[in-house]
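Please read the structure below before turning to the comments.
Read-outs throughout are calculated quantities, based only on the coordinates presented, and are distinct from any laboratory measurement. This one's a predicted model, so the numbers in the text were calculated from it and none came from an experiment. Neighbour counts are summed over all protein chains in view; Cβ atoms, including those assigned to glycine, are modelled from backbone coordinates with ideal geometry.
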Amino acid sequence: MDWILYNGDLIKEDELKLSREDRAYQFGDGIYEVIRIYGGDFFTAEEHIDRFYESAEKIRMVFPYTKDVFHKMLHELVERNEVTDGQVYVQVSRGASMRQHHFPELAEPVLVASTKPLSRPVEWMKAGVKAKLIEDVRWLRCDIKSLNLLGNVLAKQEAHEAGCFEAILHRGDVVTEGSSSNMFGIKGGILYTHPATNLILNGITRRVIMQICKDLDIELQETAFTVDQALAMDEFFMCSTTAEILPVIQIDDTVIGNGKPGKVTNRLIEAFEARIGVSVNA
Ligand code: PDD
């Protein structure tokens, strides 16, 4: 049985007891992160930890550990569970207290982290995935990695029911991001993606891709694009911690490019793999 990190202690999974009055359960009042593990090591842990603290601050939650202590605790959890390739899921809620909407005075944050093995979606990287356009009806603080994911969940389910891997969200005409990923379009060799505003989560994978573009001298513009522009892209891809970079080869009924993962996308996948130290063909 796996170990769980619970408020600074490693405990066995069946020892975990959470209150029915936990605000994560009743309000989604908390934040989370998903961190990837390759070859037993975290990938971009500092970036995820920094974003975790930023999210906590944005919802006015005081997280009681220093970044170093928090990092160490997560590391110990990964070691204890002997995860080689997988992920850590970590969340913190504002705590347990009699149900009332405003912040409880006495509640202490409740931290829970767990691991799971996860292989890389290599087949989808090679074949590409389909995506469905769905109106983005979420709130206006999508920059916070909040536990409130109902808007994302409903969009993903609609895409799933349509036989698609991901939902491409758009506010009116403007494409924002995926239900659990960021979106990039490529036209004339230039990458376009929504700027890191309150309307999207500033993905860590997104940031790695931006760095890769700098290193490889590929032009990238943080400029939002419309649904029509999305459908007319030469290449399109989604990215996230768990999905890495996945070519999007069809959006609704429109085939993107020649319906196969594009050249620039494949180049980015290769460069991403060099950073994590594996290969799609390994
Ligand atoms: N999702 N946008 C949204 C709405 C997301 O939920 C995610 C990640 C991303 C990509 O962020 P990153 O590259 O830092 O993973 C963008 C995670 C993986 C999840 O909820 O499981």
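Computed from the alpha carbon atoms alone, the convex hull of region 4-81 holds 101 Å³ per residue.
Across the chain, C-alpha contacts under 8 Å between residues 6 or more apart give a mean separation that, scaled by the residue count, equals a relative contact order of 17 percent.
For region 122-276, taking Cα atoms only, Rg and Dmax work out to 14.1, 39 Å respectively. For the peptides 118-131, 212-225, the ranking by mean Cβ contacts within 10 Å, running from highest to lowest, is 118-131, 212-225.
Lysine pairs in region 122-276 whose alpha-carbon atoms fall under 24 angstrom of each other, counting only those eight or more residues apart or on distinct chains, come to 19. The equivalent ellipsoid of the chain has semi-axes of 33, 22, 16 Å, largest first, where each one is the square root of 5 times an eigenvalue of the Cα gyration tensor.
Pop the C-beta distance of GLU219 and ASP85 into the FRET formula with R0 = 35 Å and round what comes out to the nearest 0.05. About 0.60, to the nearest 0.05. What is the antiparallel percent of DSSP beta bridges lying wholly in the chain, to the nearest 5? Given both bridge residues lie in the chain, the antiparallel proportion sits at roughly 80 percent. For region 157-216 versus region 42-108, the spacing of their alpha-carbon centroids is 25 Å.
To the nearest 0.05, what FRET efficiency results for GLN26 and GLU123 with a Förster distance of 35 Å applied to their C-beta separation?
Calculated value: 0.35.
GluC sites (Glu not before Pro) within region 3-88: which are DSSP loop residues with at most 13 other Cβ atoms inside 10 Å? Can you show the working numbers first?
On the way: sites: GLU13, GLU15, GLU21, GLU33, GLU46, GLU47, GLU54, GLU57, GLU76, GLU79, GLU82; in loops: GLU21, GLU82.
Loop-located and lightly packed - GLU82.
Mind giving me the FRET efficiency for ASP9 and ALA274? R0 is 45 Å, r the Cβ-Cβ distance, nearest 0.05 is fine. Please list the in-between numbers first.
Working: r = 38 Å, r/R0 = 0.84.
The value I calculate is 0.75.
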